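Take a look at the structure below.
The values are calculated or read from the model by the stated rules, or taken from the named source; none is laboratory data. Everything numeric in this text was worked out from a predicted model, so none of it was measured. Cβ coordinates were reconstructed from backbone atoms using ideal geometry, including for glycine residues, and neighbour counts include every protein chain displayed. Side chains included, ligands, DNA and RNA excluded: accessible areas come from the protein's heavy atoms. Shrake-Rupley method; radii C 1.70, N 1.55, O 1.52, S 1.80 Å.
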Amino acid sequence: MVQYNFKKITVVPNGKDFIDIILSRTQRQTPTVVHKGYAISRLRQFYMRKVKYTQQNFHEKLSTIIDEFPRLDDIHPFYGDLLHVLYNKDHYKLALGDSLYRCKCLKVAALGRMCTVIKRIGPSLAYLEQVRQHMARLPSIDPNTRTILICGYPNVGKSSFINKITRADVDVQPYAFTTKSLFVGHTDYKYLRYQVIDTPGILDRPFEDRNIIEMCSITALAHLRAAILFFLDISGSCGYSIAQQAALFHSIKSLFMNKPLILVCNKTDLQPLEGISEEDMKLVMEMKAEALKTVVGQGGEPTNDDSVLLTMSTLTEEGVIAVKNAACERLLNQRVEIKMKSKKINDCLNRFHVAMPKPRDQKERPPCIPPAVLEAKARQAAEKEKRKTEKDLENENGGAGVYSASLRKNYILANDEWKEDVLPEILDGHNVYDFIDPDILNRLEELEREDGLRQAEEVDDDFEIDGNELTPEQQEALAVIRKKKSLLIQEHRMKKSTAESRPIVPRKFDKDKKFTSERMGRQLSSLGLDPSLAIDRARSRSVSRRGRKRERSPERGADGGADVMDIDVDSSSKKQRIRSISRSRSVSRPPSEVVPGEGFKDSAQKIKAIKLAKKSVKKRNKDARRGEADRVIPTLKPKHLFSGKRSIGKTDRR
């Protein structure tokens, strides 16, 4: 877990912005309200309150800046030395101390004095803002977690290695000092997360002559408890010989004490380790002897030779994973041994108890695996053997475009050797497939007979009965059948029709006048019904009466009364007009009338129910009629439009 997050430090404004922020806040919170009639004591109290508020704002703002910046004496030594290398510890403390001193001076200063003090610390504020921006760009390094540190001369393959084993994207170029700061990546080993740090290259020169880039690497080596990977370029393509790299190793070997150290000979694709000269091999063996002196925990016992000197090539990725696994394993063993030697392990060991059963007799009982379990394991192993698919065969035989799938291998034949036989299509001028089936001639004759029978059936279907060949009785029966058939067809068509005015039986099919109103009247009379109304209705809907004006019915309202209206008689007309009767608007039942079966007690209850029903659907119908483009005013009387001119008072309601 990262303990220091410099990205959360608040932005430090410059001197002018600092003054504008504080004075603007002061003017908003303590507006100037001074009149001629105020006593001098009241004015003094007002300005003292304004000065006090300004002083408190300055104090809070500066205190926040001071508290958020890390104190060099309180943070991890790695970060303390790193900040000293990057920003100069004295300058850093002076900037924060100057701000603290000015913050205390604000308690006894007025507004003008406060602004002057802030202007004086303007350079310190600008320096702190630059420091904050640079600290926000520093990598998030946890000094207490499992860490692998990569160091060595410039351009020996350190950044290429971290790009291979982690998801970091460090720039790699064929010149020295491409990496100018610390880069962090993460990798996993045995379900544990490891932090991998790529350091800038270090040159073999005195400590005082090293620049800031090199000091970042020295700081990480000195303070981080990590596994060290010292990279050697045995090919010499980095521009530095093995002797120079060995001199650097011996100059900084004091930083490797009590830390797992691994020598990594990189770029073996250009020069293998066995092909270097004897002098260079001697220098490598000396560095290996020094690396053997490093301890896993405490006690000074040398480690295994195989895990101290490793070779790899980041270009071909040969040995990259082996180097990563060796470093993680060495670091993990050291951390476990340190914890085992600490006092905390005693508290944990007291909770463990290993139970050893006592033997009940002298008989040996070796472990036994039941046969069913063995059979189940054998079945699982057999199931794991995957059947080869066409895709697998294609990949094994050159891939797409090279491998061609054979469809003949799935043929079902009497002999599997026949599957790959080549069968010619034409042989001696004849089609070979015509002679494969010995019964092909018999089948051809059957097909010809079947075609002849089908053609004969089609001719029989086209045969129509000619009326000249029938007797008169048969001709009459044929006419009846054809008429019945045409009636059925017309009836079916009428059922599909949607016209309402079409008669049930068209006239052209009722030439014998069998379907008349007199016949309908006789049938209804025989059933004991009055046919007059049915006959009148049929006649009123008949086609012969279309186009004639409907006559007035004088029987309606003949008993006189208020509905009767006199009509002026025109002397020139031959006929005397009958008295017309005014038609009422509606002769239907009123809505309030109670119909038996509706469930209402009286008309009042029905009217109330109708009103409630209309009210319940009013909003729903209104929403249903409203569309997206309709103009909607949710508030019918907006206050700012109908309240009139505002009087003297507050206007902050808007």
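Remarks
- Those residues of segment 126-162 which are in contact (Cβ under 8 Å) with a residue 60 or more places away in the chain and among the charged types (D, E, K, R), in sequence order: Glu129, Arg132, Asp142, Arg146, Lys158
- Failed criterion for Lys7 (all others in (1) more than 30 Å from Leu182 (Cβ to Cβ); (2) at pLDDT below 80 hold): (1)
- Subset of segment 344-386 [part of a helix (DSSP H, G or I), modelled with pLDDT of 80 or more and either open to solvent by 100 Å² or more (accessible area, probe 1.4 Å) or on the phi > 0 side of the Ramachandran plot (or both)]: Glu375, Lys377, Arg379, Gln380
- Segment 159-190, subset out of contact with any Lys or Arg (no Cβ under 9 Å at 6 or more places or on another chain) and among the aromatic types (Phe, Trp, Tyr), residue modelled with the lowest pLDDT: Tyr175
- Test: residue in segment 324-343 that is open to solvent by less than 100 Å² (accessible area, probe 1.4 Å), in the same structural domain as Ser159 (by the TED database), touching a helix residue (DSSP H, G or I) at 6+ places or on another chain (Cβ under 7 Å) and among the small types (Gly, Ala, Ser): yes
- Members of segment 114-164 found to be under 34 Å from the mean Cα position of the chain (by Cα) and aromatic (Phe, Trp, Tyr), listed by number: Phe161
- Residue satisfying condition, being over 18 Å from Met312 (Cα atoms) and in contact with a strand residue (DSSP E or B) (Cβ under 6 Å, 6 or more places away or on another chain), within set Phe177, Phe183, Phe231, Phe207: Phe183
Per-residue answers, yes or no, for (1) within 15 Å of Lys267 (Cβ to Cβ); (2) surrounded by fewer than 16 Cβ atoms within 10 Å (Cβ to Cβ); (3) of a type outside the set (Val, Ile, Thr); (4) touching a Phe, Trp or Tyr at 6+ places or on another chain (Cβ under 8 Å):
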| site | (1), (2), (3), (4) |
| --- | --- |
| Ile148 | no, no, no, yes |
| Gly152 | yes, no, yes, yes |
| Ile162 | no, no, no, yes |
| Asp171 | no, yes, yes, no |
| Leu192 | no, yes, yes, no |
| Arg205 | no, yes, yes, no |
| Ile213 | no, no, no, yes |
| Arg225 | no, no, yes, no |
| Cys238 | yes, no, yes, yes |
